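Worksheet for the structure shown next.
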There are 2 protein chains.
Amino acid sequence: MSKVAIIGAGPCGLSILRAFEHLEKKGEKIPEIVCFEKQESWGGLWNYNWRTGSDQYGDPVPNSMYRYLWSNGPKECLEFADYSFDQHFGKSIPSFPPREVLQDYILGRVSKGNIKNKIKFNTRVINTVYRNDKFEINYQDKVNDKTLSDTFDYLVVSTGHFSVPFIPEYEGMSSFPGRIMHSHDFRDAEEFRGKNVIVLGSSYSAEDVALQCNKYGAKSVTIGYRHNPMGFKWPKGMKEVHYLDKLDGKKAIFKDGTEQDADVVILCTGYLHHFPFLDESLKLKTHNRLYPPKLYKGVVWQDNHKLLYLGMQDQFHTFNMFDCQAWFARDVIMDKIKMPSDDEIDKDINKWVSMEEKLENPDQMIDFQTEYTKELHNISDYPKIDFELIRKHFKEWEHHKVEDILTYRNKSFSSPVTGSVAPVHHTPWEKAMDDSMKTFLNKR
Amino acid sequence: MSKVAIIGAGPCGLSILRAFEHLEKKGEKIPEIVCFEKQESWGGLWNYNWRTGSDQYGDPVPNSMYRYLWSNGPKECLEFADYSFDQHFGKSIPSFPPREVLQDYILGRVSKGNIKNKIKFNTRVINTVYRNDKFEINYQDKVNDKTLSDTFDYLVVSTGHFSVPFIPEYEGMSSFPGRIMHSHDFRDAEEFRGKNVIVLGSSYSAEDVALQCNKYGAKSVTIGYRHNPMGFKWPKGMKEVHYLDKLDGKKAIFKDGTEQDADVVILCTGYLHHFPFLDESLKLKTHNRLYPPKLYKGVVWQDNHKLLYLGMQDQFHTFNMFDCQAWFARDVIMDKIKMPSDDEIDKDINKWVSMEEKLENPDQMIDFQTEYTKELHNISDYPKIDFELIRKHFKEWEHHKVEDILTYRNKSFSSPVTGSVAPVHHTPWEKAMDDSMKTFLNKR
């Protein structure tokens, strides 16, 4: 009987736990599984925590979640094939739910069986080496501050890559008389009411943090992009300018000559693929991209097929793509799927990587990741789900955003699982200040 | 030839490097030494860094230093016996210097020789085990993200204990619509101008962070103590009340019934002795106290005499006490000082611990730590320094603080090394807004 370690009980970790649960329910014998989770609860990034820096045990806080976060993509695009939104909530709900609603949905799927028993909470993996065909894992029981170890045949790394911020330095930071922070530590836009906010970046964090600050009463929001502007039609009080040159006292000076008084600088400069708990030879080293090299089918570590990574891609597709990866990973572990030759693996990885390197715009990227996800879907028994509809939804969503960045969250989409169409939410996003599940689910 | 690992190049790490340098200069052969430092520079806590959370490599930021920090004790009490302030600055300087001046002094002592060559900067110790009479250290070259390892005969832990915050939770924190932070992440009091600031704690951080906020224009500063108030005569705009009961929306409600509008809550709730890079059996587990158990003479690990800890005590005495510890540790490593029997070691530790447990007030604590430091001083060749004068200074300083918490930093003390008396600073602390070394050292 083989033994499987999973590191992380966020969406990806829960996907593979769920994949094994499906097999077990069919009466198949599954391996012994231990899932290590450093937080006290499951759900990963979807747990809000007021803490920043380190937790009560001195361990770095992985949470990047903030208050008032609403899904920035249609929920239909991330729906689980084996557990629809309609099933969980007992009714159709709008397409862009706030955090608490999505967290409830993710945890609803795994709460009934015995998945939770396989998770060691408040447990930090210290170090992992591969020796004599086994993964030796050294880990810490954080509550009792005890170091323990165990060995495993397989290792699944599902720790995510939006937990450890990348924080660059700009001239003048060490003498800026205001606050400098990364979006990882952003918790509540209310803190910036009446402030002049500088946001650096041009990806999802920059877009959403900037809009949040504007929505909750910042005096001004100035976004500095590095390569290309997001280019949305920003509302009053917001502007997008070219790249921060330096801070000079309280002034932010941009490459295009813009000078802006600044109370706070929020670095939306992305995250690191960070695996300090893995030995050198096991460590995925990549920037955030749609196809990190060295992973066969985006999952199996090329140098050691007993090491599997989930969700390490940059993402349009999320929860159901993680599921497709997890079902595939499970079948590799169960030896239901055989690995091809090293040559074929290399060729397959190179094919995807070279396709990825040619992508030029969001529509092409959506197509690329949809094709990848469909391929995985075809080789496992992950239940039926309409990825062609999801592809269409993503493209429509992109166009909605370009039309109006303030109103795209008020649109409705149809489910790729049940076909039901989401109702329009009772309050447009830009007016919805209360993000509680109770308010969201109830009629106004 | 034995091989010594030192973890940390802050004041304690630099003390033992300096101790070995003294021997080497006398022509003695010293062991091979490797000092691991996770920061890119030396000086430990005395490095200011605008960063909070993690550094550019994803590694937790150890810095707890903030702008406008001035020494909170007379510099004469921490003076190095082998390198006086007069020698470093070429003149007498006032007794309470700001951070940059102290940093310059600490680094001045070690900058001339070849100490820096022994330090591996940007290097994080991952894990340390003791096996076959050797310390096996696994470490990461952060810049190149490479994992390496090496073995040593001796291990000196000098990582300090003011780098990893202890962050407790209070009711209402998860819905408080303002900022919650630990003093570890406090960088600049300017951020809190015009704000209602809540400071929780009653030790040095609470005292100084609260005063800083007041000095730089906070609207109000309310300090919540847990057991005993600091009880100083607080200036206008500050008050001290009994223990936070809970946060209710934006309101802080204290056990004594005080209700206070709050924009920010600063937790000055102390730090953890945190050694995630040491194996279970090597780990010192203690709260912050004047005599942590299991350390012979406060330095040698009772269970393994090749493991030495520096500066793990709560501190009145600092740099010159670290030196006395370092000179002692060096002589233990050089086998110039022989360890007594296990029984004698146990008796000696117990003697100090039971004395420590009876201490009731600051004067007794000062006496206790002065006696401890003097005992160490007597058994090594650390140069002449007048610890009786330092004892007297500490007590006088305590009384100055009780007299007036705003003006105690304007007093002058005499040097226990050179005897010279410090000049009065050109600007009283409460009016000195510029803390640069240039302004401090120059005549107004």
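Tabulated data
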read-out	value
Full-extension gain in nm, B:Asp261 to B:Lys29, via 0.36 nm per residue minus C-alpha separation	77.2 nm
Nearest-0.05 FRET efficiency for B:Asn442 and A:Asp150, computed from C-beta distance (R0 41 Å)	0.10
Convex hull of Cα atoms in chain A, direction-averaged projection (nm²)	21.4
Gyration tensor (alpha-carbon) shape descriptor, the range B:270-377, a/c threshold 1.5	rounded
Stokes-Einstein D in µm²/s, Kirkwood radius over Cα pairs - the range A:197-337 at 37 °C with 0.692 mPa s viscosity	184
Degrees separating the helix B:11-25 axis from the principal Cα axis of chain B, which is the longest one	30
Calculated [θ] (222 nm, deg cm²/dmol) that DSSP helices of n ≥ 4 give over chain A, each run adding -39,500 (n - 2.57)	-8000 deg cm²/dmol
Entries in A:Lys215/B:Lys195; B:Lys3/B:Lys26; B:Lys195/B:Lys431 that, when Cα-Cα distance is taken, lie over 24 Å	none
Shielding by partners - mean other protein chain Cβ count within 10 Å, residues of A:177-184	5
Buried solvent-accessible surface, both chains (B, A), 1.4 Å probe, Å² to nearest 100	3500
Calculated diffusion of the protein assembly as shown, Stokes-Einstein form, Kirkwood radius summed over Cα pairs, 25 °C and 0.890 mPa s, µm²/s	83
Sequence ranges B:246-257, A:153-164, ranked by mean other-Cβ count within 10 angstrom, highest first	A:153-164, B:246-257
B:His242 - accessible surface, heavy atoms, 1.4 Å probe, Å² rounded to 10	60
Entries of A:Lys283/A:Lys392; B:Lys283/B:Lys351; A:Lys246/A:Lys395; A:Lys351/B:Lys146 with Cα pairs more than 25 Å apart	A:Lys283/A:Lys392; A:Lys246/A:Lys395; A:Lys351/B:Lys146
Helix B:319-333 axis, angle to chain B major axis (alpha carbon atoms, nearest 10°)	20
Top positive-direction residue, dipole computed over the protein assembly as shown with Cβ charges, set A:Leu441, A:Leu284, A:Thr427	A:Thr427
Å² of accessible area per residue within the protein assembly as shown, as computed with a 1.4 Å probe and no ligands counted	39
Aspartates and glutamates with Cα under 18 Å of B:Lys219, excluding same-chain neighbours fewer than 8 positions away	A:Glu191, A:Asp263, B:Asp188, B:Glu190, B:Glu191, B:Glu207, B:Asp208, B:Glu240, B:Glu259, B:Asp261, B:Asp263, B:Glu430
log10 of Debye I(q)/I(0), alpha-carbon scatterers only, for the range B:97-232 at 0.11 Å⁻¹	-0.70
Cα-based helix-to-principal-axis angle, A:99-110 vs chain A, degrees rounded to 10	0
Size of electric dipole in the range A:167-267: Cβ of Lys, Arg +1 and of Asp, Glu -1, about Cα centre, debye, nearest 20	300
Average beta-carbon neighbours from other chains, 10 Å sphere, peptide B:141-149	2
Anchor A:Lys336: aspartates and glutamates whose Cα lies under 14 Å away (excluding residues fewer than 8 positions away in-chain)	A:Glu28, A:Asp381
Shortest-first nm distances, B:Gly231 label point to equivalent points in other copies (7 Å, Cα→Cβ)	6.8
Nm distances between copies for B:Asn304, ranked from closest, using label points 7 Å along Cα→Cβ	2.5
Ranked packing of B:113-120, B:319-326, A:340-347, most packed first, by mean Cβ within 10 Å	B:319-326, B:113-120, A:340-347
Residue mean of other protein chain beta carbons inside 10 Å, B:168-174	2
Kirkwood hydrodynamic radius (C-alpha pairs) into Stokes-Einstein, the range A:167-267, 4 °C and 1.567 mPa s, D in µm²/s	99
Protein accessible area in the range A:167-267, 1.4 Å probe - carbon and sulfur %	42
Spatial separation of Cα centroids for the range B:273-347 and the range B:117-182, in angstrom	18
Protein-only accessible surface order, largest first, of B:Glu398, A:Glu24 at 1.4 Å	A:Glu24, B:Glu398
Solvent-accessible surface (1.4 angstrom probe) belonging to B:Leu69, in square angstrom, nearest 10	30
Highest to lowest packing among B:25-32, A:88-95, scored as the average C-beta count within 10 Å	A:88-95, B:25-32
Percent accessible area from carbon and sulfur atoms, the range A:285-439, protein chains only, probe 1.4 Å	53
For chain B: relative contact order, % (alpha-carbon pairs under 8 angstrom, 6 or more apart)	20
Accessible surface of B:Glu360 - all protein chains present, 1.4 Å probe, nearest 10 Å²	150
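The values are calculated or read from the model by the stated rules, or taken from the named source; none is laboratory data. Nothing here was measured: the structure is a model prediction, and the numbers come from that model. Cβ atoms come from the backbone with ideal geometry, glycine included; neighbour counts cover every protein chain shown. For accessibility, only protein heavy atoms count, side chains too; no ligands or nucleic acids. Shrake-Rupley method; radii C 1.70, N 1.55, O 1.52, S 1.80 Å.
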